[in-house]
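Data block below; observations after.
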Amino acid sequence: SGGSDVSSPSSGRISTSSLSDLKDLELSSESGCLSIVVLGASGDLAKKKTFPALFNLFQQGFIQSGEVHIFGYARSDISDEGLRERIRGYLKGASDEHLSQFLQLIKYVSGSYDNGAGFELLNKTISENETSENNQPGNSRRLFYLALPPSVYPSVCKMIRSYCMTPSSHTGWTRVIVEKPFGKDLDSAEELSAQLGELFDEEQLYRIDHYLGKELVQNLLVLRFANRFFLPLWNRDNIDNVQIVFREDFGTDGRGGYFDQYGIIRDIIQNHLLQVFCLVAMEKPVSLSPEHIRDEKVKVLQSVSCINHDEVVLGQYDGYKDDPTVPNESNTPTFASVVLRVHNERWDGVPFVLKAGKALSSKKAEIRVQFKDAPGDIFRCKKQGRNEFVIRLQPSEAMYMKLTVKKPGLEMATEQSELDLSYGLRYQDVKIPEAYERLILDTIRGDQQHFVRRDELKVCTP
């Protein structure tokens, strides 16, 4: 009921019940062994993102030693202890005892990505843990995280399907997380989707775009549809333009060979920024179910007019080709700016400017909604700037509204000031979760709300 209280799983403190609390109670009834398999366990993504996210979930009590086993799988010939030592330095903020408890949950299996022998061994190792005396018999939950290049997704998924699925005699599920990019163009994206679709149902596939797990990206739907004063303002009558910006103050840092295959448009704009654009521009969904949110995203993407080449700027930073992994003749863009125009009743005439670049003067990701000038400027304050609503996604999460106000004093003078909600100040005692933590937990819970659905790929792949 709406007025009940529930305890936080991480702190034991009492908090007011909410929809998410009720959902947590519903999902907590799932029991049985949870096996999390990280494929590509020796790679950078696994070490820097996947294992730290699992560790943070373990620290907060969302995965517990009595019910979870973590398996690393890769080609490297190392032992269980060898993998634990490789990732130890990336696991921060815990006592040695707590860190040791987590590391003991991790086992390692070595094998090829296109040969059944390694996956047979992996399945045997998983099954042995599922039938141990501490686990409920006949229940099996298996989560496979593909921290791998997309080129090996089809072969790896075939091996999972052939050798590592949850036994049909057990209750439970098998779920697979795949990382972006989901293909290089429309043809390759559709081919990859078709290959994976032959092996798994859509409810088993979780296409991860970690931007959808960021705290303030997840706040967008709440801001837009739970606050009355935004509803009449969020349209072409009041908004002049919307800017969605991603800036990094470093280059490719040794990843030039990988980056050069995709460029800034496919690496950032086509997935991260386009997903944010959808949440800013879409209509209100019928509910928060993944299908209803996906439907509204697809509608707004289908309403985007063809891009005008005169509204596109591409660039490459000096020194990009100094990276020995980048071809000398490369013309891959490391900076891009593109204007999207939505041909519908809400947004007709409002430009959405998407910008992304590497090796720039600052690091930030933000959404900047700029409003039109107030008609009849009796204060002659246009030169001070327009009203803006800014959502800073990273770093230092914040949202603020830029307003024109009267300067304190005897004169009738104006200046621009801000109504500021900085998360670091307002929520000092709250740990803001990393995107990967949230999305892995959503996968365990079976919640696809913040993942990319197959229908979205068809309309947002260049």
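The values are calculated or read from the model by the stated rules, or taken from the named source; none is laboratory data. As the structure is a computational prediction, the values presented were derived from the model and not from experiment. Cβ: placed from backbone, ideal geometry, glycine included. Neighbour counts: every protein chain shown. Please note that ligands, DNA and RNA were not included when accessible areas were found on the heavy atoms of the full protein model with its side chains. Shrake-Rupley method; radii C 1.70, N 1.55, O 1.52, S 1.80 Å.
Structure summary
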{"read-out": "Lone qualifier among ARG175, ARG224, ARG207 - being under 25 Å from the mean Cα position of the chain (by Cα), in the same structural domain as LEU122 (by the TED database) and of a type in the set (Lys, Arg)", "value": "ARG175"}
{"read-out": "Residue check, ARG236 under 22 Å from VAL178 (Cα atoms), open to solvent by 10 Å² or more (accessible area, probe 1.4 Å) and in contact (Cβ under 8 Å) with a residue 40 or more places away in the chain", "value": "no"}
{"read-out": "Segment 395-407: number of residues that are within 20 Å of ASN219 (Cβ to Cβ) and open to solvent by 40 Å² or more (accessible area, probe 1.4 Å)", "value": "4"}
{"read-out": "Some residue of segment 140-156 being open to solvent by less than 30 Å² (accessible area, probe 1.4 Å), more than 16 Å from VAL38 (Cα to Cα) and modelled with pLDDT under 85", "value": "yes"}
{"read-out": "Candidate set: segment 272-308, residues that are β-branched (Val, Ile, Thr) and in a loop (DSSP other than H, G, I, E, B); chosen: the one farthest from ALA356 (Cα to Cα)", "value": "VAL286"}
{"read-out": "Residues within segment 265-296 that are within 19 Å of LEU186 (Cβ to Cβ) and either under 16 Å from the mean Cα position of the chain (by Cα) or at pLDDT below 90 (or both), tallied", "value": "13"}
{"read-out": "Selection within segment 75-93 - open to solvent by less than 40 Å² (accessible area, probe 1.4 Å) and under 12 Å from PHE55 (Cβ atoms)", "value": "ARG84, ILE87, LEU91"}
{"read-out": "Selected residue [modelled with pLDDT of 95 or more, aliphatic (A, V, I, L, M) and open to solvent by 30 Å² or more (accessible area, probe 1.4 Å)] from VAL313, VAL353", "value": "VAL313"}
{"read-out": "Residues located in segment 408-420, provided they are surrounded by 11 or more Cβ atoms within 10 Å (Cβ to Cβ) and not small (Gly, Ala, Ser)", "value": "THR414, GLU415, GLN416, GLU418, LEU419, ASP420"}
